[in-house]
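Working notes for the structure below.
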Amino acid sequence: MDKPLLLVVEDDAAVRKLITMTLELQGYAFAAAETGKRALELAVQEQPDILLLDLGLPDLDGRDIILRLREWSDMPILVISARSDDKDKIAALDAGADDYITKPFSVEEMLARIRAAIRRLGLLREVKEPGQARFVNGELLLDYAAGCVYVRGEEVHLTPIEYKLLVLLARNAGKVLTHAYILREVWGSALPSDVASLRVFMVTLRKKLEQGPEPVHYIQTHVGIGYRLIRYE
Ligand code: CA
């Protein structure tokens, strides 16, 4: 893959400087904007591969920026939000953001999330290739054509709902999916009471995938928000 271009959108000059200096030190290419309006312009002009978006901007709502970008772009969007704004975080993820980091964050955490976004970028490009009938993630293999799941070469028997859940997670590997999104995609509903049953299905799915003496952790829980399938090489 060519070197990815990151677009950093942050109105706080000190935070923006911290982010861009870190990216520079790591050898990433980037552009930076301090308003939502400028971010949308740069997104069109520069065609960045990954977006780092502060949700608290002076001019535009972060969610609206994401919705507008999602009309034409599937680039990974990493949202940066204040700790107390769970609602905003969920709204951003539901609008199509991929992941989030919470302020104050460490640069190591930010770099790890960027590396995850780069892996997801590779995955997005793979998926666009025709004939992707399999999903391989570490020791997890999904054979979409046969509807079979294997861990370390051993077939894992899933119920139809568990299989649907896993396919949804796999198709969005590396991306945080909110409870509402999963409920809508798998059951066609998003009643708050269904979150409890979703949790039960996730527990059994995880048990089936993460077994053996040294189980690999595939499904990550984001408390109060949703789930993510961790992407492995
Ligand atoms: Ca801000």
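What follows is calculated from the coordinates using simple rules that are stated; it is not laboratory data. Here the structure is a predicted model, which means the values were calculated and not measured. Neighbour counts are summed over all protein chains in view; Cβ atoms, including those assigned to glycine, are modelled from backbone coordinates with ideal geometry.
Candidates ALA146, THR159, TYR181 compared by Cα position along the dipole of the stretch 146-193: farthest toward the positive end lies TYR181, with charges placed on Cβ.
Extension gain for the segment GLU154 to ASP59, taken as residue separation times 0.36 nm less the Cα-Cα distance, is 28.9 nm to one decimal.
Measuring between their Cα centroids, the stretch 75-109 and the stretch 1-53 lie 15 Å from each other.
Over the chain, DSSP H runs of length four or greater, each weighted -39,500 (n - 2.57), average out per residue to a 222 nm ellipticity of -14000 deg cm²/dmol.
Computed over the stretch 56-187, the quotient of the alpha carbon radius of gyration and 2.2 N^0.38 Å is 1.18. Taking every DSSP bridge with both residues inside the chain, close to 50 percent are antiparallel. Pairs of Cα atoms in the stretch 30-93 fall into 5 Å distance bins, from 0 up to the last occupied one, in shares of 4, 18, 33, 27, 13, 4, 1 percent. Ranking ALA116, LEU78, ILE66 by Cα position along the charge dipole of the stretch 30-126, where only Lys, Arg, Asp and Glu carry charges on their C-beta atoms, puts ALA116 farthest toward the positive end.
Between LEU168 and GLU233, the modelled label-to-label distance comes to 3.1 nm, taking each label 7 Å out from Cα in the direction of the beta carbon. Cross-link pairs exceeding 30 Å between alpha carbons, from the set LYS3/LYS207; LYS3/LYS103; LYS89/LYS207; LYS89/LYS164: LYS3/LYS207. Once the C-beta distance of ALA146 and ALA196 is scaled by a Förster radius of 45 Å, the resulting FRET efficiency is 0.90 to the nearest 0.05.
Screening the chain for whole DSSP H helices with an alpha carbon extent of at least 20 angstrom along the helix axis and a mean Kyte-Doolittle hydropathy of at least -0.5 yields 107-128, 194-209.
Available extension along the chain between GLU41 and GLU71 is 9.4 nm, counting 0.36 nm per residue and deducting the alpha carbon span. Value of Rg to Rh for the chain, rounded to two decimals, is 0.98; Kirkwood radius and Rg both from alpha-carbon coordinates.
Only Cα pairs under 8 Å and 6+ residues apart enter the sum, and on that basis the relative contact order of the chain stands at 14 percent. Computed about the Cα centre, the dipole magnitude for the stretch 146-233 is approximately 220 debye when only Lys and Arg (+1) and Asp and Glu (-1) carry charge, each at its Cβ.
Taking label points 7 Å from Cα along the Cα-to-Cβ direction, LYS103 and THR221 give a separation of 3.0 nm. Each Lys and Arg adds +1 at its Cβ and each Asp and Glu adds -1 at its Cβ; summed about the Cα centre, the chain shows a dipole of about 420 debye. Aspartates and glutamates within cross-link reach of LYS17: Cα-Cα under 18 Å, excluding same-chain residues under 8 positions apart? Within the straight-line cut-off, LYS17 pairs with GLU34, ASP54, GLU108, GLU109.
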